[in-house]
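Asks: A single structure is presented below for examination.
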Amino acid sequence: MTVSAESGTASPALTVTAVVINFNGGERVLKALASLLHQGPSLSGIVVVDNRSDDGSPQRIRERFPGVRLIELHENVGLSAARNIALRNLRSTLALLVDHDIYLEAGSLDRMMAAYAEYRPAIVCPRIRLVPERDVVQTDGAYLHFLGTLGLRNAYSRAAEVPARP
């Protein structure tokens, strides 16, 4: 527990579990998991939901990342349903949703946690750039639509045209 200086009341410490949905991710999911392990102590765990892959990636995840919790589904239930399965199995206060082809740069989670601690938004979405076209921004943050979907800011813009926000 942490105590808020303003109110003097106790609140649970923030913990974050990364949720990765995999379907035939192969080397990409392994690279995504490796990038998560370099996020440091802000990350309290990783849960991978495998959406019935047939490329051997669940076995490779178990071999290379024994500390990762792997939930193997007997059928491909789709991305949203798989995320909901993972979210129901979390023991942390926050979730970091990551696709199997998203690679976090060092310090990314710390910056997102700082933004969350300062503003307490419903979501925190960082700038995401494409690979190998790193000059293209897939999204520069997002906003929560009333239907429960995300609207992307500066979607598919040139990075030089939309400078990163601090």
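The values are calculated or read from the model by the stated rules, or taken from the named source; none is laboratory data. Since we're looking at a predicted model, the values are computed, not measured. Here the Cβ positions follow ideal geometry from the backbone for every residue, glycine too, while neighbour counts run over all protein chains shown. Note: accessible area is taken over every heavy atom of the protein model, side chains too, but ligands, DNA and RNA are not part of it. Shrake-Rupley method; radii C 1.70, N 1.55, O 1.52, S 1.80 Å.
Asks: Would you confirm whether any residue within region 61-73 is within 20 Å of I128 (Cβ to Cβ) and in contact (Cβ under 8 Å) with a residue 24 or more places away in the chain?
Replies: The answer is no, given that none of the residues of region 61-73 is within 20 Å of I128 (Cβ to Cβ) and in contact (Cβ under 8 Å) with a residue 24 or more places away in the chain.
Asks: Do you know which residues across region 41-56 are in contact with an Asp or Glu (Cβ under 7 Å, 6 or more places away or on another chain) and either open to solvent by less than 80 Å² (accessible area, probe 1.4 Å) or hydrophobic (A, V, I, L, M, F, W, C) (or both)?
Replies: Our first condition is that a residue be in contact with an Asp or Glu (Cβ under 7 Å, 6 or more places away or on another chain); within region 41-56, this holds for 42, 50, 52.
Hits for region 41-56 are S42, D50.
Asks: Something else: For the structure I just gave you, tell me whether A34 is at pLDDT below 95, small (G, A, S) and part of a helix (DSSP H, G or I).
Replies: So A34 does not fit the description; no.
Asks: Within the set of pairs 6 or more residues apart or between chains, which connect a residue that is in contact (Cβ under 8 Å) with a residue 40 or more places away in the chain inside region 103-130 to a residue that is charged (D, E, K, R) with Cβ atoms less than 8 Å apart?
Replies: If the second residue must be charged (D, E, K, R), the pairs left are Y103/K31.
Asks: Related question: Name the strands (runs of 3 or more DSSP E) wholly within region 59-166 that hold at least 1 residues that are surrounded by 14 or more Cβ atoms within 10 Å (Cβ to Cβ) and not hydrophobic (A, V, I, L, M, F, W, C)? Quick ask: steps written out before the conclusion?
Replies: On the way: elements: 69-72, 94-99, 127-129, 136-140, 142-144, 150-152.
Counting at least 1 such residues, we get 69-72, 94-99, 127-129, 136-140.
Asks: Quick check: anything in region 37-59 closer than 21 Å to A164 by Cα and modelled with pLDDT of 90 or more?
Replies: The initial filter retains those residues of region 37-59 that are closer than 21 Å to A164 by Cα, namely 39.
Imposing the further condition that a residue be modelled with pLDDT of 90 or more reduces the set to 39.
Yes, there is a match, as at least one residue in region 37-59 is closer than 21 Å to A164 by Cα and modelled with pLDDT of 90 or more.
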